[in-house]
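Q: First the structure, which I've put down as structure tokens, then a few questions once you've had a look.
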Amino acid sequence: MDPKRAAEPSPSGGERRSVVRVVRPVRPRKLAKVPFAELAEGRLQGVVSSGSDLARVYVSSIAAGTHDFSCSTNNNRPCGGLGGSFMCKHLRSLVDEAVTQYGLERVARYLKAEPGDGGDLAGVLNGTKASAPAAGVFSRFLRHLSYLEVPGAAEPLPEMHWFPAMGAAH
């Protein structure tokens, strides 16, 4: 790639780069309840652990702008706590953990929402139940988990050449 074009705006409005800036969490998260949360594809989306079954997880998402929401198991079964116009506990946990990871202002800005009294974001999201793709979110979560199984080694891993070193200066 031409170095002069590396920082030119792309047609989508962002900059074209070969590296992605790593955003450190605002505060450390408890990964047992919400092991994966991301702001991507126009949604806050992630994987939330079941409160009653250790083998079950839910893929939950909230669309930016409309605040329409979706929640289903990793086997595409709808969440029993999801109503037509009210969010289930999985979605509320996802919002809470995203705020912990990214900060209230960033999550609210991404979702195009104005937090309520005391910084309550989940309470002001007035969307309705809608279907959203879950397979891609779950697949990315599983890919992230696979990196935990890579044995420690002193030499570089070719498949992780893109991964930034946390201590490297930018």
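Q: Inspect the stretch 75-83 for any residue being crowded, with 17+ Cβ neighbours inside 10 Å and not aliphatic (A, V, I, L, M) and give the result as yes or no. So that I can check it myself, show each step before the final result.
A: The initial filter retains those residues of the stretch 75-83 that are crowded, with 17+ Cβ neighbours inside 10 Å, namely 79, 82.
Restricting the remaining residues to those that are not aliphatic (A, V, I, L, M) gives 79.
Yes, some residue in the stretch 75-83 is crowded, with 17+ Cβ neighbours inside 10 Å and not aliphatic (A, V, I, L, M).
Q: I'd like the residue in the stretch 138-152 that is within 20 Å of residue 72 (Cβ to Cβ) and of a type in the set (D, E, K, R) and, out of all such residues, is surrounded by the most Cβ atoms within 10 Å (Cβ to Cβ).
A: Start the filter on the stretch 138-152 by keeping residues that are within 20 Å of residue 72 (Cβ to Cβ), which leaves 138-145.
Filter once more, keeping what is of a type in the set (D, E, K, R): 140, 143.
Values: 140: 16, 143: 9.
Result: 140.
Q: A follow-up question, please. Would you check which residues across the stretch 84-108 are loosely packed, with under 15 Cβ neighbours inside 10 Å and closer than 14 Å to residue 39 by Cα and list them?
A: Matches in the stretch 84-108: 105 only.
Q: Going through the stretch 57-76 one residue at a time, which ones are part of a loop (DSSP other than H, G, I, E, B) and modelled with pLDDT of 90 or more? Walk me through how you get there before you give the answer.
A: So the first thing to find is which residues in the stretch 57-76 are part of a loop (DSSP other than H, G, I, E, B), and the list is 64-68, 74-76.
Answer for the stretch 57-76, where residues must be part of a loop (DSSP other than H, G, I, E, B) and modelled with pLDDT of 90 or more: 64, 65, 66, 67, 68.
Q: Give me the pairs: first residue in the stretch 78-94 and within 16 Å of residue 29 (Cβ to Cβ), second residue among the β-branched types (Val, Ile, Thr) and crowded, with 20+ Cβ neighbours inside 10 Å, beta-carbon distance under 8 Å, and six or more apart or on different chains, which are they?
A: Filtered contacts from the stretch 78-94: 90/48; 93/34; 93/48; 94/34; 94/48; 94/62.
Q: Next up: Looking at the stretch 50-60, is at least one residue out of contact with any helix residue (DSSP H, G or I) (no Cβ under 9 Å at 6 or more places or on another chain), small (Gly, Ala, Ser), buried (at least 17 other Cβ atoms within 10 Å of the Cβ) and within 17 Å of residue 138 (Cα to Cα)? Working first, answer last.
A: Filtering the stretch 50-60 down to residues out of contact with any helix residue (DSSP H, G or I) (no Cβ under 9 Å at 6 or more places or on another chain) leaves 52-56.
Those left that are additionally small (Gly, Ala, Ser): 52, 55.
When the remaining residues are screened for being buried (at least 17 other Cβ atoms within 10 Å of the Cβ), the result is none.
There is no residue in the stretch 50-60 that is out of contact with any helix residue (DSSP H, G or I) (no Cβ under 9 Å at 6 or more places or on another chain), small (Gly, Ala, Ser), buried (at least 17 other Cβ atoms within 10 Å of the Cβ) and within 17 Å of residue 138 (Cα to Cα).
The values are calculated or read from the model by the stated rules, or taken from the named source; none is laboratory data. What you are looking at is a predicted structure, and each value in this text was computed from that prediction instead of being measured. Glycine also receives a Cβ, built like all others from the backbone with ideal geometry; neighbour counts cover every protein chain displayed.
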